[in-house]
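Step one of this worksheet: look at the structure below.
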Amino acid sequence: MRLVHVQLIQGPSLAAEAEAARTATAVTPAHRGDITDANGVVLATSVDRYKVVGDPVAIEDFRGAGRVDADGRKVENGALGIAQLLAPILDEPKNELAAKLVGESRYRVLAKNVVPQVQRAIADLEIRAYIRTDLTSRRTYPSGTVAGSLVGFVDEEQAGQGGIELAYDDLLAGSPGSDTYERSLDGLRIPAAGQESVPAVPGDSIQLSLVHDIQWKAQDSIDEAKRTTGAEYGIVIVQDIRTGELVALADSGATDPNDRTTSAVAGGSRAVKDVFDPGSTGKVVTMAAALEGGYWTPDSRFTVPYTYTTPNGQTFRDSHEHPVERLTLTGVLAQSSNTGTVQAGEKIPLQTRQDYLYKFGFGQPTGLGLPGESVGLMPPADVADWDGRTQYAVLFGQGLSVNAMQATSVFSTVANGGVRMTPTLFKGSTSPDGTTTPAEREPGKRVISEETADTLVEMMETVTGDEGTGKNAAVPGYRVAGKTGTAQMPAGNGWTYMASFIGVAPADDPRYTVSVFLKSPHSSIFGGDVAAPVFSEVMGFTLQTMDVPPSEREKRRLKTEW
């Protein structure tokens, strides 16, 4: 009766339990794709590593059986014997290792990130029934701090946790495989038994638009500027005007993703996270609206006092006290006059003022897709709700906030003949079989006419001339157009400043936009003093590295005074 019960009634369930007990499944991790710069320089890659795992329950039955250890001593039974064999390979004291091998657990991690040479030495011990090595992966960043804040990092499971690693995790990760098989009591695979294998699918490698050398130069220059000016931090962006691709995106004090002793690597790039008033760089939007709407021309004349009171009783002043000046619209931009800009903007309807802010990308995602991005803050959507001061403050870059990428995009749009290209870091991907897929590009959106854009570039050239606030941004051999900025930022119970310079070159055939931002500089709060020299250095290096020929045509000299 018992035999019938066991074989006929309990037979199927007992057989299933036995099969489950001798069946093992090993997960094969997928190789994570590389991250490279535009020229193939590796910024992130994965290398094979192993995790050493012990089975304390099984180790109780280990017998030395006459074996000797590396010192020629007899191998003991149990945990001490395994420790005798394994400790020299793992470079760990035998007694401490033996203590880890005792207990009721069936899975105890003894070491992580073990290199293949060590794994092979463990395999040669032939103790797989007690100690196994699981294939894992370790992410390394050969370029260290170069683009470190931008590239991001992965966790222990090799999942993207910041920066590019997180933004493109779906492409990079791949799919893990599995290997299911039956094993004997000593842990060895049973050759004749059933087995099922699902191969791992490696992730795609991705190519960024960054150029390693320019990224390094941008980081080095902004680090030096932070040190010499006493600024809290700095940002540099280099953008290809024609494509929208970023050639460099640098934060001062960039972290090394290989160093996980601090949480700094998880911080991300300030270029999309931090927001601030655009300040005087925002005057370019006002000038674009004024020219495009036909409200003014570059030669339009203004009488510009140090302070100016609008019809609704709001008083504005320039950054420096000065006598009444007679400036053209070009001169207002060159001198970065708030009072002159307000006078020019009075003709522009409120709705048009708001429309141009949105046309140039303010208050919207940049398109970079980086974690932690802020779209900034805009005045109320209904211009009827704008207060009496905001309606004028937006004309010279106050009353709203943007991130560094949004501010940079304005200048790239103007320099691209008035067509706004979506900023991007992604150049394309390569599958494991070598198939390359270029990034899909959104068509550009026209913001202003080509004629208006060309005129505005010529006006911005006066900013970097002897009569402008950005003469320190000059690059020998190249025509440069740009704008200085000094924007207020809240700080505790008071205010601090973001000093900036954003410019394009060569102005006669624009190729690149470079923007420089320094928060709370101590040596000077003005962008022309602290940010413009950094622009000159980075732009000059970029033009030479990318083999851009010097300017050949002389610039048209617009009148700044009347």
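The values are calculated or read from the model by the stated rules, or taken from the named source; none is laboratory data. All figures in this text were calculated on a predicted structure; none of them were measured in a lab. In this analysis, Cβ positions are derived from the backbone assuming ideal geometry, glycine residues included, and neighbour counts consider all displayed protein chains. Accessible surface is based on the protein model in full, side chains and every heavy atom, while ligands, DNA and RNA are left aside. Shrake-Rupley method; radii C 1.70, N 1.55, O 1.52, S 1.80 Å.
Beta carbons closer than 9 Å, at least 6 apart along the sequence or on distinct chains, pair a first residue in segment 99-116 that is more than 9 Å from Val53 (Cα to Cα) and of a type in the set (S, T, N, Q) with a second that is in a strand (DSSP E or B) and open to solvent by less than 70 Å² (accessible area, probe 1.4 Å) for Ser105/Gly54; Asn113/Arg49; Asn113/Tyr50; Asn113/Lys51; Asn113/Thr136.
Within the group Gly313, Gly331, which residue is surrounded by fewer than 16 Cβ atoms within 10 Å (Cβ to Cβ) and among the small types (Gly, Ala, Ser)? Going through Gly313, Gly331 in turn, the sole match is Gly313. Only a single criterion out of (1) at pLDDT 85 or above; (2) open to solvent by 60 Å² or more (accessible area, probe 1.4 Å) is not satisfied by Leu14, namely (1).
Only residues that are farther than 17 Å from Asp37 by Cβ, open to solvent by 10 Å² or more (accessible area, probe 1.4 Å) and aliphatic (A, V, I, L, M) were counted across segment 243-286, and they come to 3. For Thr339, the conditions (1) open to solvent by less than 10 Å² (accessible area, probe 1.4 Å); (2) in contact (Cβ under 8 Å) with a residue 40 or more places away in the chain all hold with the exception of (2).
Restricting attention to segment 525-562 and to residues that are within 30 Å of Ala38 (Cα to Cα) and aromatic (Phe, Trp, Tyr), the residue that is most open to solvent (accessible area, probe 1.4 Å) turns out to be Phe541. Tell me the residue from Asp220, Asp240 that is more than 19 Å from Arg441 (Cα to Cα) and open to solvent by 20 Å² or more (accessible area, probe 1.4 Å), please. Answer to the selection: Asp220.
One line per residue, one yes/no per condition, for (1) open to solvent by less than 20 Å² (accessible area, probe 1.4 Å); (2) free of Cβ contacts under 8 Å to residues at least 40 places away in the same chain; (3) over 25 Å from Val154 (Cα atoms):
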| position | (1), (2), (3) |
| --- | --- |
| Thr28 | no, no, no |
| Tyr50 | no, no, no |
| Val53 | yes, no, no |
| Val57 | no, no, yes |
| Val68 | no, yes, yes |
| Gly81 | yes, yes, yes |
| Arg128 | no, no, yes |
| Thr133 | no, no, no |
| Arg138 | no, no, no |
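Within the set Ala248, Ala218, the sole residue that is small (Gly, Ala, Ser), in a helix (DSSP H, G or I) and under 16 Å from Val514 (Cα atoms) turns out to be Ala218.
Of the residues in segment 402-425, at least one is under 25 Å from Ser336 (Cβ atoms), open to solvent by less than 20 Å² (accessible area, probe 1.4 Å) and assigned to a strand (DSSP E or B). When Thr328, Thr262, Thr310 are checked against the criterion of being β-branched (Val, Ile, Thr) and without any contact (Cβ under 8 Å) to a residue 40 or more places away in the chain, a single residue qualifies: Thr262. The condition (being open to solvent by 10 Å² or more (accessible area, probe 1.4 Å), among the aliphatic types (A, V, I, L, M) and more than 17 Å from Leu208 (Cβ to Cβ)) is satisfied by just one residue among Val146, Val118: Val118. Within the set Ala111, Ala167, Ala192, the sole residue that is at pLDDT 90 or above, open to solvent by 30 Å² or more (accessible area, probe 1.4 Å) and of a type in the set (Gly, Ala, Ser) turns out to be Ala167. Residues in segment 492-507 that are modelled with pLDDT of 95 or more and more than 27 Å from the chain's Cα centre (by Cα): Ala507 alone. Only one entry of Ser105, Ser197 meets the criterion of being polar (S, T, N, Q), part of a loop (DSSP other than H, G, I, E, B) and at pLDDT below 95, and that entry is Ser105.
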